[in-house]
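A quick write-up on the structure given underneath.
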């Protein structure tokens, strides 16, 4: 269950799911992003597969993808996405310490991340939080660890996450009750 | 009235025209001209009344829909509401639509003075039908659902409309009617100049205010013909789709918010129809 009362737009329930969205609702509550997009079904019909394609399983390993998604969401200060992907990150194997660091909490100056992760996160910080050109030094350090198709995908992933960050934040999409409970259990509320 | 470029209806060979010609897709496109109404009927699907938002589709938009519908291969148009007669320039708009495709207009027929009926002359000259609601041969039964003096106004208006050359149909919405009442109603509409072929009877649909009516029938996608319906809020599966409950528009039969170009919702509708399992076409055939 999700408290939908604070959202800035109506989040369609299953009994109000438009015809083009019925498959999306067939498995139960599709979550606030889909429930908001459902109000414009013809756009949801193209947006949801796009989001699923970029954020879902692909040539990149899931841990790397969650590093990008969670870090981008932190940089963009998206409460909904940080909450949701904190849980996902833990579920795909990131340690609690790694998640804390990604969320900008804790740390004693050391880092749990290796050089590849550090270069990736520096790239993500610039893509998500920077303005104008991304400095060559950041790219060069990043490109040491990734080939072109990975660079393209990681950059698309950060960019798409940023799109979702602004969408969820602007519309005040609510964190689900299940996610909030899990965050409390993990001490990450 | 403006002169419209008239599409060559019936010769379209695109997928929508082919589906219409094959009977897989109904040929009529409906437009909700507006949602407000001078009445507030007990079973109204759209909770219409004088006080609701008008949510109008403009005359220019309705004319565009007519042309695009014909180009896509649809074969007929319908205008409903609310009370379409309250929409600005509805006479000219419908006349222009009827220059493109045959058009039926749904009305409660309570606003027709002699002067207003004379203004409908362009409809008499074109393929326009006026579908008027009359629910019972008994004034008290009819008026309990449709409002005080409704029966008297309707039975007064219909012969004047017929005399003016307007093709009038009568739609009866009822939860049940015994054979004797049905026969009296048919005798009444014949006496008003409306033939049996122009009288349809349909159930109360449990949507909008109709959810409160005992004896109404549930109607979802499977029960309703896939008649593309354009409103100010988007395009729907059926004219029974854009219903309102407690002031909130139902979206369960919404197809797309995009209505221009009409091809967008029309192709989405055809995709839904083509994706429907065999035997899942409309079972109630409510019109």
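Read-outs: derived from the displayed coordinates by stated rules, not from any lab. In this text, all values refer to a predicted model and were calculated from it rather than measured experimentally. Because the Cβ atoms are built from the backbone with ideal geometry, glycine has one as well, and the counts that use them run over all protein chains shown.
Report the residue, chosen from B:71, B:18, B:83, that carries the largest GNM mean-square fluctuation when chain B is represented by alpha-carbon nodes joined by springs under 10 Å.
B:18
What is the distance in Å between the Cα centroid of the range B:142-169 and that of the range A:85-126?
74
For a label point 7 Å from the Cα of residue A:131 along Cα→C-beta, name the residues of the range A:144-175 whose backbone N is under 14 Å from it.
So the set is empty, nothing qualifies.
Could you list A:100, B:189 in order of exposure, starting from the residue whose Cβ has the fewest other Cβ atoms within 10 Å?
Lowest count first: A:100, B:189.
Given just the C-alpha atoms of chain B, how large is their convex hull per residue in cubic angstrom? Write out the running numbers ahead of the final one.
On the way: hull volume 35.3 nm³, N = 287.
Roughly 123 Å³ of hull volume per residue.
Show that you can apply the helix-only estimate: for chain B, add -39,500 (n - 2.57) for every DSSP H stretch of four or more residues, divide by all residues, and state [θ] at 222 nm to the nearest 500.
-9000 deg cm²/dmol
As an exercise, find the ratio Rg/Rh for the range B:79-238 from alpha-carbon atoms, using the Kirkwood inverse-distance average for Rh. Can you show the working numbers first?
Working: Rg = 16.0 Å, Rh = 16.7 Å.
Checking Rg against Rh, the ratio lands at 0.96.
What is the helix-to-structure angle for A:62-75, meaning the angle in degrees between its Cα long axis and the longest Cα principal axis of chain A, kept from 0 to 90 and rounded to the nearest 10?
Helix A:62-75 sits roughly 80 degrees off the main axis of chain A.
Using the number of other C-beta atoms within 10 angstrom as an exposure proxy, rank B:236, A:142, A:113, B:151 with the fewest first.
A:113, B:151, A:142, B:236
Give me the percent relative contact order of chain B, please, defined on Cα pairs under 8 angstrom at least 6 residues apart.
Worked out over chain B, it gives 19 percent.
Given a cut-off of 13 Å, what percent of all Cα-Cα pairs of the range A:14-55 lie beyond it? Intermediate results must be reported in sequence, preceding the final value.
Values: 382 of 861 pairs.
Every Cα pair in the range A:14-55 considered, those over 13 Å come to 44 percent.
Largest first and in whole Å, what are the equivalent-ellipsoid semi-axes of the range A:62-181 based on the Cα gyration tensor, each being the root of 5 times an eigenvalue?
Semi-axis lengths for the range A:62-181 are 23, 17, 13 Å.
So if I take the centroid of the Cα atoms in the range B:173-190 and the same for the range B:33-91, what is the distance between those two points in Å?
Taking the Cα centre of the range B:33-91 as reference, the centre of the range B:173-190 is 28 Å away.
How do A:33, A:138 line up, fewest other C-beta atoms within 10 Å first?
Neighbour counts put them in this order, fewest first: A:138, A:33.
Output the Cα-based Rg and Dmax of the range B:39-84 in Å, rounding Rg to one decimal and Dmax to a whole number.
According to the Cα coordinates of the range B:39-84, Rg and Dmax are 13.5, 38 Å.
Compute the relative contact order of the range A:14-55 as a whole-number percentage, counting only Cα pairs closer than 8 Å that sit 6 or more residues apart in sequence. The partial results should precede the final answer.
Working: 23 pairs, mean separation 15.3, N = 42.
That works out to 36 percent.
Please find, in a Gaussian network model of chain A (springs between Cα atoms separated by less than 10 Å), the residue of A:150, A:133, A:42 whose mean-square fluctuation is greatest.
A:133
If you count the DSSP beta bridges with both ends in the protein assembly as shown, what percent of them are antiparallel, to the nearest 5? Each step should come with its number before you reach the end.
Numbers: 7 of 32 bridges.
Expressed as a percentage, antiparallel bridges in the protein assembly as shown total about 20.
Can you pull the Rg over Rh of the range B:81-172, Cα-only, Kirkwood?
Using Cα coordinates only, the ratio equals 0.97.
Of all the C-alpha pairs in the range A:114-183, what % are more than 16 Å from each other?
Within the range A:114-183, distances greater than 16 Å cover 57 percent of Cα pairs.
Taking only the alpha-carbon atoms of the protein assembly as shown, what semi-axes of the equivalent ellipsoid follow from 5 times the gyration tensor eigenvalues under a square root, in whole Å, largest first?
In descending order the semi-axes read 57, 24, 18 Å.
Please compute the contact order of chain A in relative form: average sequence separation of alpha-carbon pairs under 8 Å and at least six residues apart, divided by the residue count, as a percent.
On the way: 197 pairs, mean separation 61.9, N = 189.
Averaging sequence separation for qualifying contacts and normalising by length gives 33 percent for chain A.
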